[in-house]
Structures are given as C-alpha cells and as structure tokens.
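Engineer: The following block contains the structure, expressed as structure tokens.
The values are calculated or read from the model by the stated rules, or taken from the named source; none is laboratory data. Since we're looking at a predicted model, the values are computed, not measured. When we count neighbours, we look across all protein chains shown, and the Cβ atoms used for this are built from the backbone with ideal geometry, even at glycine.
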Amino acid sequence: MDIRLGNGYDVHRFGDGDHVWLCGVKLPHGRGLQGHSDADVGMHALTDAIYGALARGDIGQHFPPSDPQWKGAESHIFLRHAIGLARGMGYEMMNCDVTLVCERPKVGPHALAMRSALCQIMEVDVDRVSVKATTSERLGFTGREEGIAALATAALIKG
Ligand SMILES: Nc1ccn([C@@H]2O[C@H](COP(=O)(O)O)[C@@H](O)[C@H]2O)c(=O)n1
Ligand SMILES: C[C@@]1(CO)OP(=O)(O)OP(=O)(O)OC[C@H]1O
C-alpha cells in the first residue's frame, strides 16, 4: 500500500462583485473574489494539495495565469485535471480536508453542499471529503475581510 500526502494553500483578495465561489458553490456576497479564474480559493487549495501529493508541481504550472485560455475559467477544470493525474498514476483519493479562513461568508450552512460539489467533481464518496471553516478572530487580512485564505490536505492511496 502506497499513501501520499499533499498540502495546498491559496489566497484570493476581495474586489467588486456580488458573489463568491467557494468549493464549487456560488454564494451571494457583498463583494467578489478576484482572480484570473473564478477565484474558487478552496478548490485551488485542494487542487494544489493533490499536485503536492503527487510531487507534480502546482496549479500555476499546469494552468499559467499568463495564459488567456484560463481567464474566467471554472475551477472544476483544475480539480478534474489533478484527480485525473492522480488516477493516471494509479492513485485514488483516500480523503481530503479543506479549511476556509474568513469572517464571512459563514461556511457551516453550506459545507455539505461544498462537500457534495467536490466529491462529484472528483468522483469520490462524500465521506472522504471534508470542508470546514474558521475565522481569524478579526486579525490579519482575512480578519479585515480583505480576502479569503484556504488550506487543504489530500491523502492519496494506491493498491
Ligand atoms: N467563515 C466561517 C467561519 C467560522 N465558521 C464556524 O464558526 C466556528 C467558530 O469560528 P472561530 O473562528 O470563532 O473558531 C467555526 O468552527 C465554524 O464552525 C463558519 O461556519 N464560517
Ligand atoms: C488558477 C489560476 C489559473 O490561471 O489563476 P487564479 O484564478 O488567479 O488562481 P491562483 O490560485 O492564483 O492560481 C493560479 C492560476 O493557475
């Protein structure tokens, strides 16, 4: 049995807008997250955790922000690529865990929808996918609501 662990971290800043995409769920919000893609910070962190587990670089190497092809792209494209790479190397998702760091929006009421969205994209059981959140007690850039940070861990298993 071969188990590989990876971690991911991402940040997107708030700008104009009326919604945010978080882990595949569109939430109405007073501001939007800025990015080259749809700025789904949680999905980006999870995608990077998978690349990290595989030692296959990071999201910006596979989908360069300088490439106009990815402007406005839906982030499921990135996650599908990462999990496809994992399967191509003989790995399955054992479990993964995403933590969103923001004062708002409140994630708890939407966590199950987020887990469902991620597990559908990755084609894994929902009990293998965790999404949770914390504030940063109003400290730092997340505390000032200048942006949202996300951390993720992925465990991949072969055999
Ligand atoms: N965006 C968020 C932030 C937090 N939660 C939930 O609230 C709990 C308490 O947060 P603290 O930062 O005060 O520890 C946290 O454990 C989450 O359950 C949330 O849903 N959305
Ligand atoms: C996802 C990509 C795609 O161009 O752009 P962004 O939406 O800016 O997101 P980031 O987390 O900075 O990762 C870099 C890029 O790969």
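Engineer: Return the pair list, or none, for Cβ contacts closer than 7 Å from residues in the stretch 66-78 that are of a type in the set (Asp, Glu) to residues that are more than 8 Å from ligand 2 (Cβ to nearest atom) and part of a helix (DSSP H, G or I), at least 6 apart or on different chains.
Structural biologist: That search, which allows pairs on different chains as well, returns nothing.
Engineer: Of the residues 57, 88, 108, which single one is without any contact (Cβ under 8 Å) to a residue 40 or more places away in the chain, small (Gly, Ala, Ser), more than 14 Å from ligand 2 (Cβ to nearest atom) and within 30 Å of residue 158 (Cβ to Cβ)?
Structural biologist: 88
Engineer: When the residues of the stretch 62-85 are filtered to those that are within 8 Å of ligand 2 (Cβ to nearest atom) and part of a helix (DSSP H, G or I), which remaining residue is nearest to the chain's Cα centre (by Cα)?
Structural biologist: The selected residue is 78.
Engineer: If you take the residues in the stretch 141-153 that are assigned to a strand (DSSP E or B) and more than 11 Å from the chain's Cα centre (by Cα), which one is surrounded by the most Cβ atoms within 10 Å (Cβ to Cβ)?
Structural biologist: Keep residues of the stretch 141-153 that are assigned to a strand (DSSP E or B), which gives 147-153.
Okay, now just the ones that are also more than 11 Å from the chain's Cα centre (by Cα), so 147-148.
Working: 147: 20, 148: 28.
The residue in question is 148.
Engineer: Which of the residues spanning the stretch 81-140 are among the hydroxyl-bearing types (Ser, Thr, Tyr) and either touching a helix residue (DSSP H, G or I) at 6+ places or on another chain (Cβ under 8 Å) or within 23 Å of residue 51 (Cβ to Cβ) (or both)?
Structural biologist: 91, 99, 116, 130, 135, 136
Engineer: How many of the residues in the stretch 118-140 are within 25 Å of residue 34 (Cα to Cα) and part of a loop (DSSP other than H, G, I, E, B)?
Structural biologist: Qualifying residue count, the stretch 118-140: 5.
Engineer: Mind checking whether some residue in the stretch 31-53 is at pLDDT 95 or above and part of a strand (DSSP E or B)?
Structural biologist: yes
Engineer: From the list 16, 38, exactly one residue is in contact with a Gly (Cβ under 9 Å, 6 or more places away or on another chain) and either away from ligand 2 (no atom under 15 Å from the Cβ) or β-branched (Val, Ile, Thr) (or both). Which is it?
Structural biologist: Just one listed residue meets the conditions, 16.
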